[in-house]
Structures are given as structure tokens and as C-alpha cells.
There are 2 protein chains.
Amino acid sequence: MESNIAIPALSALAQETRLAVFRLLVQVGPTGLAAGQIAERLGVPAPTLSFHLSHLSHAGLVTCQRISRSLIYSANYQTMNELVSFLTENCCGGTSGCEPICNPVSVRSAS
Amino acid sequence: MESNIAIPALSALAQETRLAVFRLLVQVGPTGLAAGQIAERLGVPAPTLSFHLSHLSHAGLVTCQRISRSLIYSANYQTMNELVSFLTENCCGGTSGCEPICNPVSVRSAS
DNA sequence: AAATTATTTTTATATTTATCGAAATATGGA
DNA sequence: TCCATATTTCGATAAATATAAAAATAATTT
């Protein structure tokens, strides 16, 4: 995952309602939930939720499938996986830092 | 890590300049870099950089230490570690979710 | 076709965030 | 003390984001 893809994903999760939506969708699993059910369970007005779902969808964090009148949203685990990989590979540091995957870095003193 | 701490951290990283700053600080390691050096290497005006450093600092992602006239910023690996843990624990599915998170690690000792 | 349900899009507004020149603060040296 | 350096804070402005009522779209039922 490149940073120009990671940033929209991070941005999508960096908001209270959207993080709650995503966590809920992860909890319920691949079956997903209809938009109306999400709105009800989180107490969010429909237009507000739709705005946030659109944001999550655009970031690739959720997918959506129409079943009859309902739009069923599900978490996209692959994108989440790639985001976590991006963070561990690019934003975790040396031996004393985040364990997984670190390139040794040669530090030179200021010139 | 609670979500009310994770959100500021996610928000801090969800911005091009701040993500670049954090990645740079991870690259250079625990020695850190002076604000002016970061500004020069990333081509960001000093006031703009200061705004973003403050944001990263409030999110607990960087620490700062004055040495003479310079303020040396370093990545805070612990917060990053906790953020990744939060994401894997709360935003990745159970057994069927994002399990292959970590690639095998080959760590070379730092020189 | 009309009514009903589920959801999105439009629209408007309020709030937050990003940018960067100018001024202010802090440190060290002459 | 005066000057230079390093960085932050102030101030103004522009841009993006969040909210939710009202209207519009889509699918189903009667």
C-alpha cells in the first residue's frame, strides 16, 4: 500500500462515527449490516451515516451490496490488513520500537 | 489504547506532511532531527511544520527535546505500537479476519 | 399506479483544519 | 547588551469536513 492510499484509509478511520461504524462491521463479520441497522444501532441520522459510509467506501474499507431495498455494508478486511502492513513497514522503527519489520538505519550526526 | 486516544493518532497520521514527518523521524531513528532539519528536508515552511509537529506531539507520536537552540524531535515508537495493536485487536476480524498481519522478520543488528 | 420502505443526494450551515507571512520567544555568542 | 539563530505563536485566509433537514432515487407491495 502506498501512502497516497494509506492516507484516505487513515483519514476514514480518524473520525468517531466512522471508527464506530467500522468496528461494528468488523464485529458482525462478513454478513454485514444494512445501513438502516447501522444507523439504528449507533443512533446516527440516516444522511449523516450515509455521508460517513460513503467516506469509508471510497477509502476501500467497506463494501456494499444491495439486497432488495436494503444496502448491506461489510468490512473490507483486506484493506485493513494492507493498512496495518503499511504502518508496520513504514512507520515502525528500530530495534527498540515496533518489533515487526524494521530496516536497520544508519544514523549520521548533523553536518 | 482506547479509541479516544487512537482517533487523535489516526488523525495525526492522516495528513500528507505529518505522515512524511513521522516516516522521516522513524527512518532517522532515536537520534531524531531538529525542526529546522525536518523543514529543510521536506521543503516545508517553518510555521507550517511547527503546526504539524504540534499536532503529532499532542497525539503522542513524537517527543521533543531542546538542545541548545534546536528542538530535536523523535518518533515515539510506543504510541505507534499501541496504535497498531488497537487496529489489529479492534478493527480486524477474528479468526477469519486479517490474521496474516506480520511478515517474517529478518532483523539485522544495527551497525 | 399509488403507497411504503430504504437509502442517497442536495442544500445550507457550522466547525475544523491547513497554510504561511509577520511578529514574538528562547538560546547562545560577540 | 546587541546580534544572530532556531523555533513557535499570532493573525488572516482558504479549504475541507461534519451535520442534518428536505428532496430525490430505488425497490417492493398492494
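The values are calculated or read from the model by the stated rules, or taken from the named source; none is laboratory data. Here the structure is a predicted model, which means the values were calculated and not measured. Here the Cβ is made from the backbone with ideal geometry for all residues, glycine too, and neighbour counts use every protein chain on show. All accessible areas refer to the heavy atoms of the entire protein, side chains included, with ligands and DNA or RNA removed. Shrake-Rupley method; radii C 1.70, N 1.55, O 1.52, S 1.80 Å.
With respect to the stated conditions, residue A:23 fails to be farther than 25 Å from residue A:85 by Cβ and either within 14 Å of DNA strand C (Cβ to nearest atom) or not polar (S, T, N, Q) (or both).
Could you tell me whether residue A:51 is open to solvent by less than 70 Å² (accessible area, probe 1.4 Å) and in a helix (DSSP H, G or I)? Spelling it out, it is not the case that residue A:51 is open to solvent by less than 70 Å² (accessible area, probe 1.4 Å) and in a helix (DSSP H, G or I). Among residues of the stretch B:60-91 being in a loop (DSSP other than H, G, I, E, B) and either under 17 Å from the mean Cα position of the chain (by Cα) or surrounded by fewer than 17 Cβ atoms within 10 Å (Cβ to Cβ) (or both), the one that is farthest from DNA strand C (Cβ to nearest atom) is B:76. Looking at the stretch B:48-59, is at least one residue over 17 Å from the mean Cα position of the chain (by Cα) and more than 8 Å from DNA strand D (Cβ to nearest atom)? Among the residues of the stretch B:48-59, at least one is over 17 Å from the mean Cα position of the chain (by Cα) and more than 8 Å from DNA strand D (Cβ to nearest atom), which makes the answer yes. Can you spot a residue in the stretch A:86-100 that is of a type in the set (A, V, I, L, M) and within 11 Å of another protein chain (Cβ to nearest Cβ)? Looking through the stretch A:86-100, at least one residue is of a type in the set (A, V, I, L, M) and within 11 Å of another protein chain (Cβ to nearest Cβ).
Scan the stretch B:20-43 and tell me whether some residue there is near DNA strand D (Cβ under 10 Å from one of its atoms), surrounded by fewer than 17 Cβ atoms within 10 Å (Cβ to Cβ) and more than 14 Å from every other protein chain (Cβ to nearest Cβ). No; the residues of the stretch B:20-43 include none that is near DNA strand D (Cβ under 10 Å from one of its atoms), surrounded by fewer than 17 Cβ atoms within 10 Å (Cβ to Cβ) and more than 14 Å from every other protein chain (Cβ to nearest Cβ).
Taking the stretch B:47-59, which residues are within 14 Å of chain A (Cβ to nearest Cβ) and within 8 Å of DNA strand C (Cβ to nearest atom)? Listed by number, the residues that qualify are B:52, B:55. Screening the candidates A:2, A:40 for the property of being modelled with pLDDT of 95 or more, over 12 Å from the mean Cα position of the chain (by Cα) and of a type in the set (Asp, Glu) yields one hit, A:40.
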